[in-house]
Amino acid sequence: MKLEEDARRGYALAMSFPESDAQFLLLHNPRCSKSRAARVLLEAREVAFSERRYLEARLSIKELVELERRLGRPATEWVRRGEAAFAASGLGEDASSGEILEAMAVAPILIERPILLRGSRAVIGRPPEQVLTLL
């Protein structure tokens with residue numbers, strides 16, 4: 001029951017990032033067509049991957065900092081500025097990467113999607129075929 005309660009509250013459930021190149025994790029939003037397309041591409045190639053629905057199992061600040069490192073891009077480049085949550089978070093065009101990561105922890109809709117992680121690397125699936133670069 002405790003795990004179910006945590007899930008309802010939006011806390012991540014023991015879904016750590018991949019530690020080796022043999023592990024894949026898709027940060028997925030099933031409502032997003034690009035995210036669904038990336039998932040289909042992986043399934044068609046019979047890639048074994050875990051899926052984390054990051055809107056339900058939010059990423060912690062620590063995980064977001066690690067994701068930024070694995071992407072090799074500052075959060076300013078992969079934040080969804082068009083979301084209402086961007087303005088509601090008090091963020092402006094001059095927001096720092098740290099401020100954006102803090103806002104993403106509270107409002108995960110701000111995270112660009114989909115994101116595929118493999119070992120110590122990650123890629124944003126825009127376009128969805130971009131996830132194939134990690135295979």
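Laboratory data are not the source of any read-out in this text; all were calculated from the coordinates shown. Model, not experiment: these values are computed from the prediction. Counting neighbours? That spans all protein chains shown, and the Cβs are built from the backbone with ideal geometry, glycine included.
With R₀ fixed at 35 Å, the C-beta to C-beta distance from residue 22 to residue 69 puts the FRET efficiency at about 0.95.
3J(HN,Hα) along the range 26-37, derived from phi through the Karplus expression 6.51 cos²θ - 1.76 cosθ + 1.60 where θ = phi - 60°, amounts to 9, 7, 10, 10, x, 7, 8, 5, 5, 5, 4, 5 Hz, with x in place of Gly and Pro.
For the range 40-56, putting each phi into the Karplus relation 6.51 cos²θ - 1.76 cosθ + 1.60 with θ = phi - 60° gives couplings of 4, 4, 5, 5, 4, 9, 6, 7, 7, 9, 8, 10, 10, 7, 5, 6, 8 Hz, in residue order, rounded to whole numbers and with x for Gly and Pro.
With the chain treated as a Gaussian network of Cα nodes joined by springs under 10 Å, which of 106, 79, 47 yields the largest mean-square fluctuation? Result: 47 has the largest fluctuation of those listed. What's the local net charge at residue 125, with K and R +1, D and E -1, over the other residues with C-beta under 12 Å away? Value of the local net charge: +3.
The mean of 1/r over all pairs of different alpha-carbon atoms in the chain, once inverted, gives a Kirkwood hydrodynamic radius of 15.1 Å. Less than 5 angstrom separates the built amide H of residue 51 from those of 26, all sequence-distant by 5 or more or on a different chain. For the options 38, 105, 88, a Gaussian network treatment of the chain with springs between C-alpha atoms closer than 10 Å singles out 88 as fluctuating the most. A simple rule links phi to the HN-Hα coupling: the Karplus curve 6.51 cos²θ - 1.76 cosθ + 1.60 with θ = phi - 60°, which for the range 71-85 gives 6, x, 9, x, 4, 4, 8, 10, 9, 8, 5, x, 6, 4, 5 Hz, with x for Gly and Pro. If you run the Gaussian network model on the chain, springs between alpha carbon atoms under 10 Å, then out of 52, 31, 113 the most flexible one is 31. Nearest 5 is fine: what % of DSSP beta bridges in the chain come out antiparallel, could you say? Roughly 70 percent of the DSSP beta bridges within the chain come out antiparallel.
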